[in-house]
1. Of all residues in region 33-60, count the ones that are open to solvent by 30 Å² or more (accessible area, probe 1.4 Å) and within 15 Å of Met166 (Cβ to Cβ).
2. Which ones in region 48-89 are of a type in the set (Val, Ile, Thr), free of Cβ contacts under 8 Å to residues at least 40 places away in the same chain and part of a loop (DSSP other than H, G, I, E, B)?
3. Answer yes or no as to whether Ile196 is surrounded by fewer than 20 Cβ atoms within 10 Å (Cβ to Cβ) and more than 26 Å from Met89 (Cβ to Cβ).
4. Given the options Pro26, Pro75, name the one that is under 30 Å from Ser138 (Cα atoms) and open to solvent by 20 Å² or more (accessible area, probe 1.4 Å).
5. Which of the residues belonging to region 109-147 are among the β-branched types (Val, Ile, Thr) and under 14 Å from Lys47 (Cα atoms)?
6. Checking the conditions here, which among Lys199, Lys144 is on the phi < 0 side of the Ramachandran plot and without any contact (Cβ under 8 Å) to a residue 12 or more places away in the chain?
7. Could you list all residues from region 138-154 that are of a type in the set (S, T, N, Q) and closer than 19 Å to Asn194 by Cα?
8. Which pairs have Cβ atoms under 8 Å, sit 6 or more apart or on different chains, and link a residue in region 26-42 that is assigned to a loop (DSSP other than H, G, I, E, B) to one that is surrounded by fewer than 23 Cβ atoms within 10 Å (Cβ to Cβ) and modelled with pLDDT of 95 or more?
Amino acid sequence: YMVCAAPASTADTIENIAFEILRYLPTKFTLIGLSMGGILAMEIIKKVPDRVMKIVLMDTNYKSETAEIKSRRLPQIKLVNEGLLDDVMCQQIKNYYLRTDRKNQEIFDLCLSMANDLGKEIFINQSKALSTRKDYKSTLENIKVPSLIICGEYDRLCPIRVHREMESLIENSTLEIIPDAAHLPTLEQPAYLNKILGKWLLE
C-alpha cells in the first residue's frame, strides 16, 4: 500500500475540502477517515464512487450537525479570534476526545500541539465546514464496496449507536468496537487498531 495523507485545507465547506483532497489521490484508492476525516470520506465516495475500492469510517457521524452543537460554534470561533485557541481546544479534548476515567496527558498534549500547529484559521474554517455539512444517509445506502466501521468503546462525540446505524445502512459493512478507547483510537489503542486495519485491508 502507498499511504497518502490529506494535507490541511483552508477551505470552509466539506465539499470544497473534498475537492482539494481529490487532487492528491490516485485513480483508484482506499479511503480511511477519522472523525471529520470520516465525513470527508463520505463526501468523496459520494462524488467519485467508482474510484473507491474500500472505505473505513472511524469515530465519525453521517448526520448533519445538531442545533445544539451548532450553537456552540460561534462562541468558540469568537474565543479563537481573541487568541484563546488553547482554551477552546483544552475543553474540546477534555469533554469529548478522551476517556474521562483515565489520565492521557501525552495524548492530550499531542492533540493540543497539533491544533496549535494548524492555527486559528484552519480551526475556524473546519468549524464552519462541520456546521454546514449535509446528511449522508443516502450516500451510505449507495455504498457498494467493502466497508469497515470503527468506533471507540467510550466515544462520547460519535457514540456506538451512530456507528450501528451506519452498519445497518451500508450493505457490505463490518463494525469493530475498539476497547479502552474514546474518540481517538488511532492514538489511544494504535496497536489494536492497526491489527484490525491490516487484516481487513489485506482481505
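1. Residues flagged as open to solvent by 30 Å² or more (accessible area, probe 1.4 Å) and within 15 Å of Met166 (Cβ to Cβ) within region 33-60 amount to 3.
2. Val48, Thr66
3. When the stated conditions are applied, Ile196 passes them.
4. Pro26
5. Of everything in region 109-147, those that are among the β-branched types (Val, Ile, Thr) and under 14 Å from Lys47 (Cα atoms) turn out to be Thr139, Ile143.
6. Unique residue meeting the criteria: Lys199.
7. If the condition is that a residue be of a type in the set (S, T, N, Q) and closer than 19 Å to Asn194 by Cα, then Ser147 is the only one that fits.
8. Thr27/Arg51; Lys28/Arg51; Lys28/Val52; Lys28/Met53
The values are calculated or read from the model by the stated rules, or taken from the named source; none is laboratory data. Nothing here was measured: the structure is a model prediction, and the numbers come from that model. Note: ideal-geometry Cβ built from the backbone for every residue, glycine included; neighbour counts use all protein chains shown. Areas reflect the complete protein model, heavy atoms only, side chains present, ligands, DNA and RNA absent. Shrake-Rupley method; radii C 1.70, N 1.55, O 1.52, S 1.80 Å.
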